[in-house]
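Here's the structure we're looking at; comments come further down.
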């Protein structure tokens, strides 16, 4: 037994001890645990401390938001006094919210929490700067509230005749127009603050998508306001001068008949000369456009351009009435002026303003739907002879039929004289009715309607004053063809010898955008024309009024420069490709008969490719004079937008 090896009985015990030692070294270090827990404890404590003031700040912000909505509603209702009062309340509420937020200023030093504190602080400053800008605007226009037809007691021009009130307003306007600089400064400060807010702090997966959308909308609104104010500055500053504050201004008014559609809004039917002297408006002259054409020697008229020669029979020379062939209003006015220069009755003018028949019917409706001119009544009530406003039928009967006799007119000479003066007489009657009324009855709606009509391109301006013209161009009131990033679309119709058929023809435009895998973009445009009405008796020898005849339409589609036509259907001549106004243009000709229809289809490729995941910007420009043509935009056959085209439209098309 002694020879047997000895067993190490203590080895297991030693092993256990070693294990215990090794295990003991794995226990947490108390100091380390304390150090690690400190930030968490502090964060929990800070959150607990922040809960009460955060709630107060939140409820204060909610209260401010509700108050701001009340102020905005008062402004939308055009109540200048109530709007001012509610703006004051909103500013007080916003200052209270600011104080509550200051109680959370320690959050600036906490990661992540600092984002939201800083964003809230920036947004508060946006609100304060915006309210300050609003106060300046309200304070500036308050004295003119009666003239603008705004609700409230702020008007200072309530004594004397309407003409005297306008004169007083214009003479004092120069004192307040410089305040546009103060408005611009506050809006610029608001833009700086909102640009500092990072929308990436509000991702949709955390349930903050709504906030992200609201921030994007707020930024878009502030950016748009900044652009608007900056661009409107030159126009607003010279507005008193344009209204004859220091010296008389004279303007040539062109009447465009939208029922005989031409590129800038309608056939140039008549004209008038208006003068404005310290607010006093005088109609100096009105006449038929044919009579003005007759004051220009034929030797001074150039040969008619190809579309006139090809589609308007018997017109070898270019006349004033056909001068608006460019879809860019300012380009057409250059052509008009080059001819007007040779007129024996030309006058020195300070600008040209074009308005179409939509303006007249809209204004007449505001004036209680009744205006008397030349012993005749003009209303917007439906006339069954054309299924159109009575005023339109009356004007057409006077302007379009030389032999037409009103019941009150007893000779052809009297009828022709009536036709010659009717536009000026009607415009003068409209002004008289508006000016003789209480300012709050008509003036506000008329001013606002003028803005709407200009926005929808029924009123166009070409002013000699360069600052003023820059302003109207920036406000899109000059009928220009614009440059655009991405896709561009402008469809332009020209009625050449097709009576007044645009009064009856309805037009829809469908754009189907196809994007291939490699980004190649192909567009198919379908234009549908429908004329559901029976034809007029167009025998002028019988003295009939020819309204609904065969539409003879010279069409042009303006697209991005470099686009290539792939296919076309529906044109009665070969569709040709030209370049104009820095665009590629596809042009052709078609006809639409009464109680008939026509379909035009054009397929073409764009000169660029769309990157994967990128949206496609699209600018659609409306043709002046058109009204509510229905547009549909599709991508790869899927409809993404449908709307009546009331004014220029910018879209962002996503695949």
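No lab work stands behind these numbers, since they all come straight from the coordinates. Owing to the predicted nature of the structure, the values given are computational and were not obtained by experimental measurement. Using ideal geometry, Cβ is built from the backbone for each residue, glycine included, and neighbour counts are taken over all protein chains shown.
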Gain upon complete extension [residue 223, residue 516; 0.36 nm per residue less C-alpha separation]: 102.1 nm
In angstroms, what radius of gyration and Dmax does the stretch 258-332 have, counting Cα atoms only? 14.7, 48
Rank by packing, highest mean first: peptides 341-347, 472-478, 497-503, with packing defined as the count of other Cβ atoms within 10 Å averaged across residues. 497-503, 472-478, 341-347
Under the 7 Å Cα-to-Cβ spin-label approximation, residue 85 and residue 432 lie apart by a distance in nanometres of 4.1 nm
Sort 506, 457 so that the residue with the fewest other Cβ atoms within 10 Å of its own Cβ comes first and the one with the most comes last. 506, 457
FRET efficiency for residue 300 and residue 577, using Cβ-Cβ distance with R0 set to 45 Å, rounded to 0.05: 0.85
Could you list 611, 98, 622, 381 in order of exposure, starting from the residue whose Cβ has the fewest other Cβ atoms within 10 Å? 611, 381, 98, 622
Cα atoms only: what Rg and Dmax, in Å, come out for the stretch 454-595? 18.7, 63
Among 589, 329, which comes first, then next, by fewest other beta-carbon atoms within 10 Å? 589, 329
If you average the alpha carbon positions of the stretch 254-293 and of the stretch 544-577, how far apart do those two centres end up, in angstrom? 28 Å
What percent do you get for the relative contact order of the stretch 487-653 when only Cα pairs under 8 Å and 6+ apart count? 30 percent
Could you work out the Rg to Rh ratio of the stretch 249-474, with Rh taken as the Kirkwood radius (inverse of the mean 1/r over all Cα pairs)? 0.95
FRET efficiency, residue 641 to residue 524 (Cβ-Cβ, R0 25 Å, nearest 0.05): 0.95
What would the Debye equation give as log₁₀ I(q)/I(0) for the stretch 101-147 at q = 0.14, 0.29 Å⁻¹, counting only Cα atoms as equal point scatterers? -0.50, -0.95
